[in-house]
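Worksheet: the structure to be examined is printed underneath.
The values are calculated or read from the model by the stated rules, or taken from the named source; none is laboratory data. Fair warning: this is a prediction, and the values are worked out from it, not measured in the lab. Positions of Cβ are generated from backbone atoms using ideal geometry, with glycine treated the same way; all protein chains shown enter the neighbour counts.
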């Protein structure tokens, strides 16, 4: 599990006075990108190598709302990886009281730039898998 | 099932050249608000009556991407209703070829303005339930 | 002047209960894209031809706010065109009372895909200029 | 002048591969909110005190684009303050090369919750003005 922290932005609120619910998907993505960065993988390099990674599934459970003035932590855990796809689970924590705001899950496929399924090249797979295996061991 | 149609906006695209995945949740919401409107219920009236309806669950499956130049149809079906919650399922159709772009599901709870669970008053429940029952009958 | 109309989306509101101010720039862009479409020019075709058109200047004056339930009209007028740039002015009208919500101005440059200034090819220039001149004549 | 720093988010990019131009207004707002925070003023407290501060004017000049992988600094300077309005200027710096990405200006009015002009109460005015005067002195 890796974590990032940030503050709610005014632009992320809606007329109910809380963070607009699709914006939590932005934060989950920030967690996912941070996870890959810790594997030594940036989206720009993947894309330059002709690899895209479209989202094919998202699910989120909203438990507590955040508002302007709140800070949050995104806890990102890889839950599945092979050369065709990667899966993550997320917890977003409201830092003022430690409450779970959102729990989420995403799945990305790997494709070429035409959107055709493409197996992730060994080079990239190894980088991500090494960190994934290492993280898994921590929980055994 | 009720449907709305619209065109992809430039502002909805991302650096991969397609509609950014959280934005489909905006469209599902537009479908949901349209559904309520057809029940004779507007969000402003509900809120003026002290009723909020936070999202507690979303799931989406992304099947085909849309890009600038595409038009889409959101097909919104209520799949559950009681005085504590309402549930919808969605299909978003890419109109150029009829492909399903996204399938989704959402659940809203009814709360007071403090976020406490609140049973939907009869007056509002009846308006929504009448349309829901009528729609259900069409599929028997 | 060309006009488009649409309804405020829930996703466009902020915690003050009104449309979040940067979102009016999205609507001005929708007006601009619509203007080009009426010239027979789509962004996809321009981009496929290696022409980008980054925004280099925006100014907006906010006069009246819009909220959920409001509909609006974007009135888009081209105010300058040569092979290096195009300029537009905008009025966004709140339809419930005809009040001007926002007045705006934008300038786009034409560049190649590397961001280098590029003069708009004759073919495209003519399409846009024909409509621009025609529109100008209406106001003489 | 106060500064904040952050990284471009994937969600902030558009199909041209760069930060979508209205999103710079979000960052200018983050700079503005940070400025007020350094005055000991939070938006939540102002709003709880019945004071709103709608934007009435924005202008931006876009000079260099940012993309995913870029970090930026927002330099926020108050350029005018009285009990009716506050004005700021901004520079957004692309940190990889120090280039100015965007220069901007905003004006906010103070209003009550009904949108009527309201003079900023002494208590709040003093807090903001003290910092403003102090900042001004640095530049004499």
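A few points about this structure:
- Test for residue D:56: is it within 13 Å of chain C (Cβ to nearest Cβ), at pLDDT 95 or above and touching a helix residue (DSSP H, G or I) at 6+ places or on another chain (Cβ under 7 Å): no
- Residue check, residue D:129 surrounded by 14 or more Cβ atoms within 10 Å (Cβ to Cβ) and either part of a helix (DSSP H, G or I) or free of Cβ contacts under 8 Å to residues at least 12 places away in the same chain (or both): yes
- Taken over region B:81-107, the residue count meeting the criterion of being over 30 Å from residue B:67 (Cβ atoms) and in contact (Cβ under 8 Å) with a residue 60 or more places away in the chain is 0.
- Among the residues of region C:45-62, those identified as exposed (fewer than 15 other Cβ atoms within 10 Å of the Cβ) and free of Cβ contacts under 8 Å to residues at least 60 places away in the same chain are C:45, C:48.
- Which listed residue, of C:115, C:104, is surrounded by 14 or more Cβ atoms within 10 Å (Cβ to Cβ) and in contact with a helix residue (DSSP H, G or I) (Cβ under 6 Å, 6 or more places away or on another chain): C:104
- If you go through region D:39-63 and keep only what is assigned to a strand (DSSP E or B) and more than 30 Å from residue A:45 (Cβ to Cβ), you end up with D:52, D:55, D:56, D:57, D:58, D:59, D:60, D:61.
- Across region D:70-82, the number of residues qualifying as surrounded by fewer than 15 Cβ atoms within 10 Å (Cβ to Cβ) and either over 13 Å from the mean Cα position of the chain (by Cα) or within 14 Å of chain C (Cβ to nearest Cβ) (or both) comes to 2.
- Qualifying residue in region C:94-103 (condition: within 14 Å of chain D (Cβ to nearest Cβ), assigned to a strand (DSSP E or B) and closer than 21 Å to residue D:61 by Cα): yes
- Some residue of region C:41-53 being within 14 Å of chain A (Cβ to nearest Cβ) and either on the phi > 0 side of the Ramachandran plot or touching a helix residue (DSSP H, G or I) at 6+ places or on another chain (Cβ under 6 Å) (or both): no
- Residue check, residue B:120 closer than 26 Å to residue B:11 by Cβ and either crowded, with 19+ Cβ neighbours inside 10 Å or more than 17 Å from the chain's Cα centre (by Cα) (or both): no
- Boolean, residue C:17 is in contact with a strand residue (DSSP E or B) (Cβ under 9 Å, 6 or more places away or on another chain), facing another protein chain (nearest Cβ under 7 Å) and on the phi > 0 side of the Ramachandran plot: no
- Only one entry in D:36, D:66, D:25 is surrounded by 17 or more Cβ atoms within 10 Å (Cβ to Cβ), under 13 Å from the mean Cα position of the chain (by Cα), outside any strand (DSSP E or B) and within 14 Å of chain B (Cβ to nearest Cβ), namely D:25.
- Verdict on residue D:89 being within 14 Å of chain C (Cβ to nearest Cβ), under 30 Å from residue C:110 (Cα atoms) and crowded, with 17+ Cβ neighbours inside 10 Å: yes
- Scanning region C:2-14 for residues that are more than 7 Å from every other protein chain (Cβ to nearest Cβ) and part of a strand (DSSP E or B) yields C:2, C:3, C:4, C:5, C:6, C:7.
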